[in-house]
Amino acid sequence: QLLTPFQYLLSGIYLTRYILYSRHELLLFEALQEGLEEEMERDLRVCVMGEDVGHYGGSYKVTKGLAKKFGDLRVLDTPIAENSFTGMGIGAAMTGLRPVVEGMNMGFLLLAFNQISNNCGMLHYTSGGQFTIPIVIRGPGGVGRQLGAEHSQRLESYFQSIPGIQMVACSTPYNAKGLMKAAIRSENPVILFEHVLLYNLKERIPDEDYICNLEEAEMVRPGEHVTILTYSRMRYHVMQAAKTLVNKGYDPEVIDIRSLKPFDLYTIGNSVKKTHRVLIVEECMRTGGIGASLIAAITKNFNDYLDAPIMCLSSQDVPTPYAGTLEEVTVVQPAQIVTAVEQLCQ
Amino acid sequence: KISTQPFSLNPTSPTSHDRPLVSPVPTSLFLGSTRKLRLSSSSKLNLHRRPGTVVAVSDVVKQKKSKSTHSLLITKEEGLELYEDMILGRAFEDMCAQMYYRGKMFGFVHLYNGQEAVSTGFIKLLKQQDSVVSTYRDHVHALSKRVPARAVMSELFGKTTGCCRGQGGSMHMFSREHNLLGGFAFIGEGIPVATGAAFTSKYKREVLKEADCDHVTLAFFGDGTCNNGQFFECLNMAALWKLPIVFVVENNLWAIGMSHLRATSDPQIYKKGPAFGMPGIHVDGMDVLKVREVAKEAIGRARRGEGPTLVECETYRFRGHSLADPDELRDPAEKAHYAARDPITALKKYLIENSLASEADLKAIDKKIDEVVEDAVEFADESPVPSQSQLLENVFADPKGFGIGPDGRYRCEDPKFTEGTAHV
């Protein structure tokens, strides 16, 4: 049977949308891998270094298949020497390559703090601008499922003071791929924070080439009553709390700040000017965390627009316990977010 | 289960005919150690199987000399070049001391007096594209690598015309043009950077297919660094991947006030090379010709793709650790012993005795260098100090990294940014 003209029109529209906005579905770690692979194809100078990134395919499968495709030198399996192979990545970046250094767990990068702070952040400055360090340092961090204290660290708070580096945190397959590509293409050293529990998130992402701006925040849910600033895994706790809040009649605006250093004060500022109430929900510790810096930045720039003191929900200042019940109360849970918003809006 | 012999390494020499011109799919290269894993412990140490032979080079050089009295180690031109470089290093460092006490430079200044043979012996064999990495005692490494004396002196005075625009200082000498990759204040942190530069050289040859890329990297560091983890980690990685790097230990026996013998369980540093699968060589670092002979072999090895070498140079610093060091712990007898082995005096004697140069030639060089150093000081004196506008430049290669301000514009677009007064 022939289709009616209306059905022809509808199928034409769907076909056009499919062609123009064609997408494919994948998991977050596959999105990271796709971004990395595309950049490695695009530029021969991009290489990967880290423990078990090559033959093993990465302990979180982000580099799976890349060693077979690009060879052992471009996807380099390093010995367990974080400080030295991060330094090696920096030396390679200074001499023309674009390395992506993987910390098997972000916590291991504490061993590379010397190189990240002294060389990664400083060499462009102390060399008077002669050497650029287009390195990307990435890896999974954050509190997982009973991984123990040392494997549950949040290094964004430790690295945030280092001048000369940028820090971004991905939270969806879309921004994971986009931030990975942008970080690789950037001439600055970028630390890309991934989260252990977000690697299996599924999303449909565009087929065409795209990047996410490293310095911009992401508007997750526009609203009127309160600004909730968050990043990484806490975004999902916030969105879960947002459902409850909407049912209770609140209209929260949720922003995933994405860029942990520097802060996107434009997006954040516009939101503060609209809602006059700010809640920060983060996974790092209260002391010296990203939230602490964010409070300082907002207070400094937008104090006149605030109707209430900024509230910040952070993880407890304790080493993450192994026991599941204790670990659960170490990080911020959706119920606490709901209570905080209710308190803020009183 | 006994581990099988891994695949033989693909020859890395550029003239190999086995390598196809274009290989989209990499052949199965084994990137790793080719040493056998011996599971049965052998009580007899078979010395012939050891990959790295430890040689006291002074013996080798003596042998060469005795074979034929007519063959000299250097030509006249080379001799004069070496002499000029060492005199430049010495005169420059002496001038630094003067300028420091006159209040023209500040902070930590570490002088190289007495160690010139190592810098000259090694760096004068390099091409411009070869890289040098040093620690804080880096003025003379910079000068040997042909960074202009003017640029180094200006940097020490903290002027904009310095090699790092006055932003680095004594301990952070960099030159992109001459491939001097620093200048590091923390000991040991330059060694991984040098390993990275060597890795780039190998990568350029094997991945980017620049077949004639044989750039070598030299990493200079001291005896104190040889107890640091980064040293051992990099020895391992360099030997594992056969990186074109030479690790040069400037063993001057003292790490500030810590004697090498009080800090190290086995003070013979060259022995640590074979433990990682590379040759370890000990050389008299007060004799520039001996150092040069060893350097030729080590750099040649790296260029041919045979891997790294560890060279320990026994040397001595005539001055204290830095200009702030009272230098009270060192025995005057030890100082006198090494002062008698001054590398410059030794080379001068060699040149004159072997009729390679006359006193007049050498005096002319002395005078020329004096003028160069004076000129450098004058230039540095007259150069401008950095203005505040320079403060925020060079923090990021891409200044968008300072982020987006409350007004929606990038901070670096703020007019105050170029004045150095913007909030970032």
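Figures for the structure shown
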| read-out | value |
| --- | --- |
| Top-ranked residue of the stretch B:190-201 - restricted to ones that are more than 7 Å from chain A (Cβ to nearest Cβ) and touching a Leu at 6+ places or on another chain (Cβ under 8 Å), ranked as farthest from A:Gly91 (Cα to Cα) | B:Ser201 |
| Tally of residues being more than 7 Å from chain B (Cβ to nearest Cβ), over 22 Å from A:Thr63 (Cα atoms) and in contact with a Gly (Cβ under 6 Å, 6 or more places away or on another chain) across the stretch A:90-121 | 1 |
| Residues being within 11 Å of another protein chain (Cβ to nearest Cβ) and within 37 Å of the chain's Cα centre (by Cα) - total across the stretch B:404-424 | 2 |
| Helices (runs of 4 or more DSSP H) (entirely within the stretch B:103-171) containing at least 3 residues that are modelled with pLDDT of 95 or more and either within 12 Å of chain A (Cβ to nearest Cβ) or more than 18 Å from the chain's Cα centre (by Cα) (or both) | B:149-157 |
| Meets criteria (crowded, with 18+ Cβ neighbours inside 10 Å, under 32 Å from the mean Cα position of the chain (by Cα) and assigned to a loop (DSSP other than H, G, I, E, B)) for B:Val377 | no |
| Residue within the stretch B:231-243 that is at negative phi, modelled with pLDDT of 95 or more and not in a helix (DSSP H, G or I) present | yes |
| Extreme residue, surrounded by the most Cβ atoms within 10 Å (Cβ to Cβ), among residues of the stretch B:169-208 that are free of Cβ contacts under 8 Å to residues at least 40 places away in the same chain and under 22 Å from B:Glu306 (Cα atoms) | B:Gly196 |
| Yes/no for A:Asp264 being at negative phi, touching a residue at least 60 places away in the same chain (Cβ under 8 Å) and not assigned by the TED database to the domain that holds A:Ser161 | no |
| Odd one out for A:Pro252, checked against (1) within 14 Å of another protein chain (Cβ to nearest Cβ); (2) surrounded by 22 or more Cβ atoms within 10 Å (Cβ to Cβ) | (1) |
| Check on A:Ile290, crowded, with 19+ Cβ neighbours inside 10 Å, β-branched (Val, Ile, Thr) and without any contact (Cβ under 8 Å) to a residue 60 or more places away in the chain | no |
| Cβ-Cβ under 6 Å pairs, at least 6 apart or on other chains, the stretch A:24-45 side under 24 Å from B:Lys204 (Cα atoms), far side modelled with pLDDT under 95 and of a type in the set (A, V, I, L, M, F, W, C) | A:Leu44/B:Leu208 |
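The values are calculated or read from the model by the stated rules, or taken from the named source; none is laboratory data. Keep in mind that this is a model prediction, so the values were computed, not measured. Here the Cβ is made from the backbone with ideal geometry for all residues, glycine too, and neighbour counts use every protein chain on show.
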